[in-house]
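Have a look at the structure below, then the notes.
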Amino acid sequence: MTFLTNAAYNCLKTSSVFISQSTSPLAPIGVTAALEAANDSSIKPHPKIFDEFALTDRVGIVSGGNRGLGLEMALALCEAGARAVYCFDLPKKPSEEWKATSEYVKRMENGSRLEYVSLNVTDQKAVWEAAENIGNREKRMDVCVAAAGILKTHTDCLQYPAEQFKEVMDVNTNGVLYTAQAAGQQMVRFGNSGSIILIASMSGSITNRDHAWVSYNTSKSAVLQMARSMACELGVKNIRVNSLSPGHIYTTMTAAYLDKQPHLLEKWSSLNPMGRIGRPDELRGVVAWLASDASSFCTGSDILVSGGHHSW
Ligand SMILES: NC(=O)c1ccc[n+]([C@@H]2O[C@H](COP(=O)([O-])OP(=O)(O)OC[C@H]3O[C@@H](n4cnc5c(N)ncnc54)[C@H](O)[C@@H]3O)[C@@H](O)[C@H]2O)c1
């Protein structure tokens, strides 16, 4: 039985112009699949939306992956099926939290694993070498999440010490560049497409009220422009670069404020329309989306996940 009208046939034929420019790895998909199925009763439609998020066999790097948002995002990539996710962080040995998460990944038995590499993201040579070693071992590179970052105590902008400013910029901006470069070099080496996700912050777009964080805010604004700039250079190589800008989330970084000044929880919560701060696990979906083919036309974008903080 044929359900397609002539108009629908024509639409399908015309769409072949686009198919020759770019095709979903899961093609036929979406309405094109529906139109094909309408013309062939032997086709059994099945949902493909979650297949688009699958990271089966992909290899990734997450800097700052020993704890906090980095570790949460590394686990999300593993749950989406990544073959291996390498966590770059400072301590010589991974934390107990990391070890428990790595064990959890093993017990999922989905062929995924977490690996740990001790390094300082401000050491460009070390970061490049670590990524090259991963390339040698895994023979591919698909995803990079540059999440290593630091936040200092309240410091008057007019008296901000040069060394401290440089330190923050070195980790939060330069370190993000070195990590993205390292992964991007391997993506080019193996000729596959890739997704690079630079962890910025809503502090790159707004200033946190009553907090003297000029170095942090400046470093995060630089990351936003870095993502746009790299996206424009690397689009032709099919490497996507986006920034992800979280709002307030309770981690070791923010605990340095929230645990010492408990009144800040209520204050920070009142600064967004949701009336609460975020949980690390609330970044799982967005990082899986950005890393996967589900976001294949998204590059050069900043994705704000702030409970609406930036809207007020
Ligand atoms: N928690 C929040 O509310 C929030 C909001 C917006 C953005 N962010 C950003 O998210 C990222 C992760 O932050 P988090 O909240 O999980 O903080 P966190 O302090 O828990 O984690 C940061 C990780 O980066 C690592 N790191 C720091 N300097 C490094 C270096 N030189 N080399 C290698 N690793 C280094 C730390 O050891 C740590 O494991 C940061 O870039 C941060 O700026 C956090």
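The values are calculated or read from the model by the stated rules, or taken from the named source; none is laboratory data. Model, not experiment: these values are computed from the prediction. Counting neighbours? That spans all protein chains shown, and the Cβs are built from the backbone with ideal geometry, glycine included.
Give the residue that is nearest to the ligand (Cβ to nearest atom), with candidates limited to residues of segment 269-288 that are in a helix (DSSP H, G or I) and among the polar types (S, T, N, Q).
Within segment 269-288, the match that is nearest to the ligand (Cβ to nearest atom) is Ser269.
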Restricting segment 234-257 to residues that are within 30 Å of Val188 (Cβ to Cβ) and of a type in the set (S, T, N, Q), the one surrounded by the fewest Cβ atoms within 10 Å (Cβ to Cβ) turns out to be Asn238
Within segment 217-275, the count of residues that are small (Gly, Ala, Ser) and at positive phi comes to 1
Condition set touching a strand residue (DSSP E or B) at 6+ places or on another chain (Cβ under 7 Å) and of a type in the set (Gly, Ala, Ser), scope segment 258-294, selection surrounded by the most Cβ atoms within 10 Å (Cβ to Cβ): answer is Ala291
Across segment 209-268, the tally of residues that are within 12 Å of the ligand (Cβ to nearest atom) and among the charged types (D, E, K, R) stands at 1
Every listed condition ((1) within 13 Å of the ligand (Cβ to nearest atom); (2) within 21 Å of the chain's Cα centre (by Cα)) holds for Asp123 save (2)
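Rundown of residues vs (1) part of a helix (DSSP H, G or I); (2) closer than 22 Å to Leu244 by Cβ; (3) within 12 Å of the ligand (Cβ to nearest atom); (4) not assigned by TED's automatic domain parsing to the domain that holds Phe190, yes/no style:
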residue: Met73; (1), (2), (3), (4): yes, yes, yes, no
residue: Ala82; (1), (2), (3), (4): no, yes, no, no
residue: Lys99; (1), (2), (3), (4): yes, no, no, no
residue: Met141; (1), (2), (3), (4): no, yes, no, no
Within segment 143-160, residues over 19 Å from Thr254 (Cβ atoms) and more than 14 Å from the ligand (Cβ to nearest atom) come out as Val143, Asp156, Cys157, Leu158, Gln159, Tyr160
By residue number, the members of segment 187-212 that are surrounded by 22 or more Cβ atoms within 10 Å (Cβ to Cβ) and of a type outside the set (S, T, N, Q) are Met187, Gly194, Ile196, Ile197, Leu198, Ile199, Ala200, Met202, Gly204
Within segment 104-113, the count of residues that are crowded, with 18+ Cβ neighbours inside 10 Å and in contact with a Gly (Cβ under 8 Å, 6 or more places away or on another chain) comes to 1
Taking segment 39-74 and the residues there that are of a type in the set (Gly, Ala, Ser) and surrounded by fewer than 18 Cβ atoms within 10 Å (Cβ to Cβ), the one that is nearest to Glu109 (Cα to Cα) would be Ala54
Within segment 75-98, the residues that are aromatic (Phe, Trp, Tyr) and either at pLDDT below 95 or crowded, with 24+ Cβ neighbours inside 10 Å (or both) are Tyr86, Phe88
In segment 38-68, residues that are touching a residue at least 12 places away in the same chain (Cβ under 8 Å), more than 16 Å from the ligand (Cβ to nearest atom), small (Gly, Ala, Ser) and assigned to a loop (DSSP other than H, G, I, E, B) total 2
Taking segment 1-60 and keeping residues under 31 Å from the mean Cα position of the chain (by Cα), modelled with pLDDT of 90 or more and β-branched (Val, Ile, Thr) leaves Thr23, Ile29, Val31, Thr32, Ile49, Thr56, Val59
Residue set Thr122, Thr101; condition of a type in the set (Ser, Thr, Tyr), at pLDDT 95 or above and in contact with a Gly (Cβ under 9 Å, 6 or more places away or on another chain); output residue Thr122
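Restricting to segment 161-208, count the residues that are assigned to a helix (DSSP H, G or I), of a type in the set (A, V, I, L, M) and within 14 Å of the ligand (Cβ to nearest atom). Full working, then the answer.
From segment 161-208, those assigned to a helix (DSSP H, G or I) are 162-190, 202-204; that's our starting set.
If we keep only those that are of a type in the set (A, V, I, L, M) as well, we get 162, 168-169, 171, 176-177, 180, 182-183, 187-188, 202.
Right, trim to within 14 Å of the ligand (Cβ to nearest atom) and you get 168-169, 171, 176-177, 180, 182, 202.
Within segment 161-208, residues that are assigned to a helix (DSSP H, G or I), of a type in the set (A, V, I, L, M) and within 14 Å of the ligand (Cβ to nearest atom) number 8.
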